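The next block holds one structure in the form of structure tokens; read it before the comments.
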Amino acid sequence: VSPHSSMDEVTGAQLIAESLKAQKVEYMFGIVGVPVIEVAMAAQAAGIRYVGMRNEQAACYAASAIGYLTGRPGSCLVVSGPGLIHALGGMANANMNCWPVVVIGGSTDQNLETAGAFQEFPQVEACRLYSKFSARPSSLEVIPSVIEKAVRTSMYGRPGACYVDIAGDMVNAKVDRSKVRFAIISLSFYDIVFLAHHGAITEALSALRAAKKPLVIIGKGAAYGRAETALREFVEIAGLPFLPTPMGKGVLPDDHPNCVAAARSRALLQADVVLLFGARLNWILHFGLPPRFNPNVKIIQVDLCAEEMGNNVSPAVALLGDINAIVIQLLEVLRKDDWKYPSDTEWWSTLKDKIVANAKISKALALQSTVPMNYYTVFHHVSQLLPHDCIIVSEGANTMDIGRTMLNNRLPRHRLDAGTFGTMGVGLGFAIAAACVERSEHSNQRIVCVEGDSAFGFSGMEVETMCRYNLPVVIIVVNNNGIYNGVDAETWKEMAKMGDLTSIAPPVTLLPEARYDEVMTAFGGRGFLVRTVEELHSALQLSLSDWERPSLLNVLIEAENRSVFTWLSSHPYRAA
Ligand code: ADP
Ligand code: MG
């Protein structure tokens, strides 16, 4: 409260901050400027941790990761116009992932709407496509109730992004506290659980009992819904094979004996009954359709979103409600009936054979000792050194795909990646959010961010944010000089001699052997240039033992070294 105001007056900035705090929003990520600087200051005064980021997109990625990790949304604070527009990428990503986040955007003064004001933009309308809720409080008095509604809407039903637009002149305007309509505090999402119809539970279990080739699929909805304990009991009591989706990894440990991730294609193709726990039948699961699924597969779909039921495949049984509650319902009946899927079936042996065969292939690649290294060698050695409880953030094309199969997760919500929207550039923001949670919970968990060189570039300047707050994130850039695949340094030099690179360099290329490690050292973190297995081991060990500052390992791996002429003649338009 400023010295000039009487004690019972409150500013708009204070109302926003106090309302967020009252709704148990503990983090704010953003970039300040006119008109929101005072909002960030008020947030800190109210006990909210404020993390200043370098781009609003990364700030919004971070805030949404808080939502996924803690079950309560993080907030993202942005300025008007371009600031808000940068954040839209983060809102879209959160909404696609079904993660709660609340974005607060400064905006045009109340009496200047549509006047052509500085950074004016139709922000409330712009956010509608990217959110579940988008509103502009029309007076200071209603700020707390609009913020309560945004927080509640972000968490309840299917979680997602919400937006609150704040007129610039409201930030420092004052109102008498007695006139403010203070909102109730929304319950935690985990306190208002809904259950499946008991008839549907019976139907689901009889479909399961009739299955010859049952398969449990665990998605990130199960991770978000904190169903890990119940699901583990269910999988073990029922003796079922399970397969995690990318972010479903860790709900049950990847090294659990019932995990058939290493036989993924066969499991999906042949399963006759699939229990789908919190995963959509979208591109990640090949739409649940042939040729990747059995055309006669019976899906038992568990989701809290009724509209999701029957998307692409009509479910044999739909269990509408909270996953954790529903698994407990299933367990109650299962325990009474004392039923278990036998462990000596042909289904189990065909899955296990495939797991052994696939393991041999990746092992052979992993043990190659050529320099430059390949992806498998890098991930093999990284996985040997990573602590079992570390949070793995992963993005990139090959880096993410191969990393997913080789880097194990043992704990739920310990993998964050490009997700449903396939967004590149999320990694550093996610890692910053995870490091903030680690710090406040004293969980002593390492945050390891495994990035393709292209993916790293999208939000690379967030390295400064990590250094500024001493967040000891370990970034591993798996660097193949490009998107999907770049060219080696020699080829690049030859190309440069041949003419203007903008007309001949393959569009997938990035600068060969770019020194991403020096981006980290520039801000005071540790940087390592890594070419060999030995260098990888020592750099990773040093990084993992440092809790004071972030590190970046720039791991140079093989890029293509086809001749320049082959590269150029492979260009479909040029060759014609
Ligand atoms: P994945 O990326 O792992 O395939 P998706 O994001 O596609 O997962 O799907 C997650 C699904 O989980 C969404 O359809 C969402 O509605 C649902 N979901 C989220 N939380 C819960 C919960 N607590 N109970 C039931 N379903 C949930
Ligand atoms: Mg690359």
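How many angstrom lie between the Cα centre of region 21-61 and the Cα centre of region 440-482? Taking the Cα centre of region 440-482 as reference, the centre of region 21-61 is 21 Å away. Note: relative contact order over region 88-242, using C-alpha pairs below 8 Å and six or more positions apart, is 24 percent. Projected label points at Cys305 and Met41, each 7 Å from Cα along the beta carbon direction, are separated by 4.1 nanometres. Please give every one of the lysines within straight-line cross-link reach of Lys179, meaning a C-alpha to C-alpha distance under 26 Å, and leave out same-chain neighbours fewer than 8 residues apart. Answer for Lys179, where 26 Å is the Cα cut-off: Lys21, Lys24, Lys149, listed by chain and number.
Once the Cβ-Cβ distance of Thr370 and Thr521 is raised to the sixth power relative to R0 = 35 Å, the FRET efficiency obtained is 0.80.
Which percent, to the nearest 5, of DSSP beta bridges fully inside the chain are antiparallel? Of those bridges, close to 5 percent are antiparallel.
Tell me, what are the semi-axes, in whole angstrom and largest first, of the equivalent ellipsoid of region 22-166 as set by the roots of 5 times the Cα gyration tensor eigenvalues? Before the final figure, lay out the partial values.
Details: eigenvalues 86, 51, 45 Å².
Taking √(5λ) for each Cα gyration eigenvalue gives 21, 16, 15 Å.
A simple charge model with +1 on the Cβ of Lys and Arg, -1 on the Cβ of Asp and Glu and nothing else charged puts the dipole of region 53-191 at about 420 debye relative to its Cα centre. Full extension of the segment from Glu548 to Lys179, taken as 0.36 nm per residue of separation minus the current Cα-Cα distance, would add 128.1 nm. Using a cut-off of 19 Å between alpha-carbon atoms, which lysines can reach Lys220, once sequence neighbours fewer than 8 places away in the same chain are excluded? Once the sequence-local lysines are set aside, what remains near Lys220 is Lys249.
For Lys352, the aspartates and glutamates whose Cα falls under 14 Å of its own Cα, not counting residues fewer than eight places away in the same chain, are Asp255, Asp344.
When the chain is fully extended, how far beyond the present Cα-Cα distance does Glu125 get from His256, taking 0.36 nm per residue of separation?
On the way: separation 131, 0.36 × 131 = 47.16 nm, distance 4.70 nm.
Contour length minus the Cα-Cα distance gives 42.5 nm.
Could you calculate the FRET efficiency of Lys363 with Asp8 from 1/(1 + (r/R0)^6), where r is the beta carbon distance between them and R0 is 56 Å, rounded to 0.05?
Working: r = 70 Å, r/R0 = 1.25.
My answer for the efficiency is 0.20.
What longest region of the chain stays clear of chymotrypsin sites (Phe, Trp or Tyr not before Pro) that DSSP places outside H, G, I, E and B and that have at most 11 other Cβ atoms within 10 Å? Walk me through the numbers before you get to the answer.
Numbers: sites that count: Phe194, Trp547.
Longest gap between qualifying sites, sites excluded: 195-546.
Shown here is the pair-distance distribution of the chain: with all Cα-Cα distances grouped in 20 Å bins from zero up to the longest one, the shares run 20, 48, 29, 3 percent. Spin-label model, Glu346 to Arg158: label points 7 Å out along the Cα-to-beta-carbon direction sit 3.8 nm apart. Checking every one of the GluC sites (Glu not before Pro) in region 98-181 against DSSP loop status and a limit of 15 other Cβ atoms within 10 Å picks out Glu113. If R0 is taken as 30 Å, the Cβ-Cβ distance between Asp191 and Ile237 corresponds to a FRET efficiency of 0.65.
Just subtract the alpha-carbon distance of Ala210 and Asp109 from 0.36 nm times their residue separation and send over the number in nm, one decimal.
Values: separation 101, 0.36 × 101 = 36.36 nm, distance 6.41 nm.
So the extension gain works out to 30.0 nm.
Every read-out reported here was derived from the displayed coordinates using simple, explicitly stated rules and does not represent laboratory data. Remember, it's a predicted structure, so these values are computed and weren't measured experimentally. Ideal geometry is used to build each Cβ from the backbone, glycine not excepted, and the neighbour counts take in all protein chains shown.
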